[in-house]
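What follows draws every value from the coordinates through simple rules; no lab data is involved. Just so we're clear, the structure is a prediction, and the values are computed from it rather than from any experiment. No Cβ is skipped: glycine too gets one built from the backbone with ideal geometry, and neighbour counts run over all protein chains shown.
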Amino acid sequence: MRSSDESSARRVAVRALPRSRNENAFESETESESEPESETESESEPESETESEPESEPEPESETKSESEPEPESEAEAESDPESSIGREPSAEGGCRLAPMSEVGRRKDEHLELCATDEVSFRGRSTLLEHVRLVHDALPDLSLDEVDLGVELLGKRLRAPLIVAGMTGGTDRAAEVNRALARLAQRRGYGFGVGSQRAMARAQDVTWTYAVRDVAPDVLLLGNLGVVQARAMSTDAIDALVRAIGADALCVHLNPAMELVQPEGDRDFREGTSTLARLVAELPVPVVAKETGCGIGPAAARKLRRAGVRYCDVSGAGGTSWVGVETLRAQGARRALGEALWDWGVPTAPSIVYAAREGLQPIATGGVRTGLDVARALALGAVAAGLARTVYQAWTRGGEPAADALLDAIEQELRAVMVLTGSRTIDALRRAPHVVTGELRDWLALDGDVVSTTPR
Ligand SMILES: Cc1cc2nc3c(=O)[nH]c(=O)nc-3n(C[C@H](O)[C@H](O)[C@H](O)COP(=O)(O)O)c2cc1C
């Protein structure tokens, strides 16, 4: 998908924009091919696109549905329902054919739309990163210019220890988001993750919505698939998904909480550990075990280590609540369940420590919003930090300039904190002295399965 496809995809996405971005309503169907106006808008003002919330929504599992069969819906739907074409293939003319939105596509758009708001934040739980107090060094003997943010991760060099975490794929809007954010990651020297490739597993014609190598040839690219979907697929089939987009590693997402709340979600989470062990042993690329907002506790970290997993995106509690996202889509008893579990999860800060204690390489995602958050996460043992909704929101609000401004501020703050802790490199920051206070101390007292009276 070359640029003409891109502009076409953009046009489609803009059309699909809800009129009011503040509505959470899932009017994705609004997709209305019938709102001509926005189209024009989009072309003339670059920003509008932005505004246009890319929406295609990804959602980890979302598409899911079948408990027993992991990648259900789409396929079936796709076959039986003429509207099911989740994405559009580029047409010969370089534009994209429009096709009616499938149920899955609609859900994806709903997710993106909801994530453009702050309604889906955790309500009463934070990342607990605020309880990490880095110790000030009044004599750093360093110049700001010497600070080096570079890190090596999954075989690639990043200019800064940051990843735009996996969000989307499978629809026109998804393609727009993926391409814009991948381009941004390429330019800034970050890693970039696509959202769940489940739609691709069901229908190869949506592969283009995940394809970013033409705009991000060097980026550390992370593929994405749910562990429940992976359980039902051969390693060769999964490898084909990875290769199709040229990914450097595969994130296997774990998201039982959101599945349980999602009306069409999975209910059977057996054999997750053995599935991960198989993929680690058989896939030619590294596997990153990834939560989606509920974090990693000591037991999960131990199982990951035993499965041979080395990298773990902890995606902890305190940022985007995917239980919350699904709650807003649910009704009746499931909505009540979601309300009860809205803040469920292990906060990001202790998740990092639990993963590190098992010798995993933790990637700190989940509510990371500032350079200070990144610095605190690294001091707890993370090897990099991931940001999802905050980058997506900045981009929907003001396009690349807004996303750049956010990321510039994060880097600037991170650099300042590095000077103030006397850390010239990220490795040095990872060893920076810090004090752990408050509730985080309580979480860190959990050593294995018991609470220790002498927190480390
Ligand atoms: C719009 C959106 C879609 C997402 N889709 C996926 C997905 O397909 N696969 C996945 O592993 N995580 C997905 N996530 C979860 C993020 O990667 C991340 O783990 C989570 O949102 C916590 O990070 P945050 O607080 O910075 O948003 C999605 C997040 C957002 C905001």
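Each of HIS136 and ALA333 was given a label point 7 Å from its Cα along the Cα-to-Cβ line. The distance between the two points is 5.6 nm.
For a paramagnetic label modelled on ASP404 (point 7 Å from Cα along Cα→Cβ), amide N atoms under 18 Å away belong, within the range 168-187, to 179-187.
Near LYS290, the amide H atoms lying under 5 Å from its own belong to VAL252, HIS253, LEU254, ASP313; only residues 5 or more places off or on other chains count, and H is placed 1.01 Å from N. What does the charge count around GLY338 come to, taking other residues whose C-beta lies under 10 Å from its C-beta (Lys +1, Arg +1, Asp -1, Glu -1)? Counting the neighbours of GLY338, the net charge comes to +1. Note on GLU152/ARG187: beta-carbon distance plugged into 1/(1 + (r/R0)^6) with R0 of 22 Å gives a FRET efficiency of 0.65. Put in line by how crowded their Cβ is, counting other Cβ atoms within 10 Å and starting with the fewest, CYS115, CYS312 read CYS115, CYS312. The peptide list 389-398, 422-431, 130-139, 348-357, put in order of mean Cβ contacts within 10 Å with the highest first, becomes 348-357, 389-398, 422-431, 130-139. Taking one quarter of the surface of the convex hull spanned by the alpha-carbon atoms of the range 287-331 gives a direction-averaged projected area of 3.8 nm². Quarter the surface of the alpha carbon convex hull of the range 129-451 and you get the mean projected area, 16.0 square nanometres.
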